[in-house]
């Protein structure tokens, strides 16, 4: 199935209601077909890895075409430069997070991208850095605790960023790290407490939010289990 055929399929599978619904989730719909995420995932699973097709789909600039590109791309073939180029194209939280959770976190350079993207001033590039920490905390079972501890300075630096989509990603990265195991829970609570004690309102919010969840009976009970 060529990339042109996939574009035709997306246009046929979409709807005006689907396009309109994107705005409710803060996703720009100027270049969108309105295809539900579940429908795209099912189609991508049936198609399998098609890396060259994925590269062509990304260049179309259509929201759903880029989503399909993420699902069809080969993490072993996506080059570091291509990942940087795609990241620079991110223009909404959905494609940013989908790319991090379904593709970039499986590349051999995923941890390098954390440290390359998180300090970047661009909104969605920075969000991608923290979305990767969040994703890797779930998917990288082999990563040692030091990998996550090494991201704490990134969290400290970005904890005063008042852009909502960055703030939420930093918050999620810290909370996800603290739910990985008991040692990281203790370390993350210490960092969250440090942030909660700052005068900056964004850092204080992130810190307090993380402390509440990471010290909760639910999280502590799961970690003991």
Percent relative contact order of the chain, based on C-alpha pairs within less than 8 angstrom and at least six residues apart? 12
Of [x] 1.01; [y] 0.95; [z] 1.05, which one was derived for Rg/Rh (Cα atoms, Kirkwood Rh) from the structure shown? [x]
For segment 26-52 and segment 168-225, write down the distance between their C-alpha centroids in whole Å. 33
Roughly what percent of Cα-Cα pairs across segment 109-225 reach past 16 Å? 54
Taking square-rooted eigenvalues a ≥ b ≥ c of the alpha carbon gyration tensor, is segment 54-152 rounded, prolate or oblate, where a/c under 1.5 means rounded and, failing that, a/b exceeding b/c means prolate? prolate
Can you tell me the 0 to 90 degree angle between the C-alpha axis of helix 93-102 and the longest principal axis of the chain, rounded to 10? 90
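Bear in mind these aren't lab numbers, they're just calculated from the coordinates by the rules spelled out. Worth saying up front: this structure is predicted, and the values here are computed from it rather than measured.
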